[in-house]
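Colleague: My questions will all concern the structure given below.
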Amino acid sequence: MAFQKNMRVLIVDDTSTSRMLIRDALEQLGMTQIASANDGEEALKAMVASPSHLVISDLNMPKLDGLGLLKAIRAHPPTKKTPFIILTGKSDRAVIEHAAKLGVNNYITKPFTLASLKTGIEAVVGKLQ
Amino acid sequence: MTLTTAAPATRRITIIQGEYRVSDDPNVYFTTILGSCVAACIRDPEARVGGLNHFLLPGDANRAAGKDAERYGVYLMELLINGIMQKGGKRSRLEAKLFGGARTMMGLSDIGAMNQAFAEEFLRNEGIRIVGGDLGGDRGRRIEYWPVTGRARQVLFSSHAKVETAPPPPPSMGDVDLF
């Protein structure tokens, strides 16, 4: 999928300060259509109602965690190919392997920098401006 | 024959800058030494689990570097909160005590105030109640925190470091128990 400025991005993180920081970074990278969700359950509802073109999700969240969300998105035909990036402080090898088996597109570790976020997204959606 | 049961030994765990720890063991307490750094002591009183982190955000007027620092601070806060949740804590029940953020070096930018402001704003954004602690001033401190009961104890150091030509007098410390 090639990057387009009006690409809809969904941020999923249970820490509101994190959501604000990720949104701020995405805006700096030229993205304009940014939605956010507090947890996997809220994100799944949003994806079913109006699918985003890219999901950037935390792992540890109440109700439905990042891996649960990934699994549900892959099981839902309209969203099964939606690029999904995990952005987390957890860099456990077993978790990364599990995410890979579920079909994650990329894995970015926190604390991220603007550069690491850009590289991580570009690897999935192509060159940003 | 007499049977005696020994009281469980208290275990002290020292936390250094950039670290965090979580415990639900009533015999554990955390300790850390703070200057301009800030320690957030967060716990769920109902699940009786808590932890402490120790962070220093580097002061930088440059916006990009400032954001990097903020992301680092948020990361350390998230690790602590996630650690508490993994041991049965619930985000909506969390309460916090903040310590540190002193201005220990006069004449330089007030990094302590920046750390303090970051921690307070983070907790406000996340809806985590601040129930105690001690921030600011110009003295370093040693903190002890019992994660299960939430008891905190602070020892303020006498003053910021000075070059001494004679043996310094014994430090006067202000021990304060903060519950």
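Quick note: the coordinates plus some simple rules give every number you see, no bench work behind them. In this text the structure is predicted, and so the values were computed from the model without any measurement. With ideal geometry, Cβ positions are generated from the backbone for all residues, glycine too; neighbour counts draw on all protein chains shown.
Colleague: Which value results when the Cα radius of gyration for the stretch B:61-106 is divided by 2.2 N^0.38 Å?
Modeller: The stretch B:61-106 yields a ratio of 1.54.
Colleague: A further question follows. What is the mean number of Cβ atoms from other protein chains located within 10 Å of the Cβ atom of each residue in peptide B:115-124, rounded to a whole number?
Modeller: Going residue by residue through B:115-124 and averaging, the value is 1.
Colleague: Sort A:119, B:14 so the one with the fewest other Cβ atoms within 10 Å of its own Cβ comes first.
Modeller: The order, fewest Cβ neighbours first, is B:14, A:119.
Colleague: Taking the dipole about the Cα centre of the protein assembly as shown, with the C-beta of Lys and Arg at +1 and of Asp and Glu at -1, give me whichever of B:114, B:29, A:17 is farthest to the positive side.
Modeller: Working it through, the farthest residue towards the positive pole turns out to be A:17.
Colleague: Let me ask something additional. Round to the nearest 0.05 the FRET efficiency obtained for residue A:80 and residue A:50 when R0 = 25 Å and r is the Cβ-Cβ distance.
Modeller: Details: r = 16 Å, r/R0 = 0.65.
Efficiency at R0 = 25 Å is approximately 0.95.
Colleague: Sticking with this one: Kirkwood Rh over Cα pairs of the protein assembly as shown into Stokes-Einstein at 4 °C, 1.567 mPa s: D in µm²/s?
Modeller: D = 61 µm²/s.
Colleague: Taking the simple approach of a point 7 Å from Cα along Cα-to-Cβ for both residue A:92 and residue B:121, what is their distance in nm?
Modeller: Distance between the two pseudo-spin positions: 3.2 nm.
Colleague: Which value in deg cm²/dmol, rounded to the nearest 500, describes the helix-derived mean residue ellipticity at 222 nm for the protein assembly as shown, given -39,500 (n - 2.57) per DSSP H run of n ≥ 4 and division by the residue count?
Modeller: Value at 222 nm, helices only, nearest 500: -10000 deg cm²/dmol.
Colleague: Inverting the mean 1/r over all pairs of different Cα atoms, compute the Kirkwood radius of chain A and quote it in Å.
Modeller: For chain A, the Kirkwood estimate is 14.3 Å.
Colleague: Need the full-extension length gain, residue B:130 to residue B:16, defined as separation in residues times 0.36 nm minus the C-alpha distance. One decimal, nm.
Modeller: Roughly 38.8 nm would be gained on extension.
Colleague: Show the residues, 5+ positions off or on another chain, whose built amide H is closer than 5 Å to the amide H of residue B:28.
Modeller: B:11
Colleague: What distance in nm lies between label points placed 7 Å from Cα along the C-beta direction at residue B:138 and residue A:35?
Modeller: 5.4
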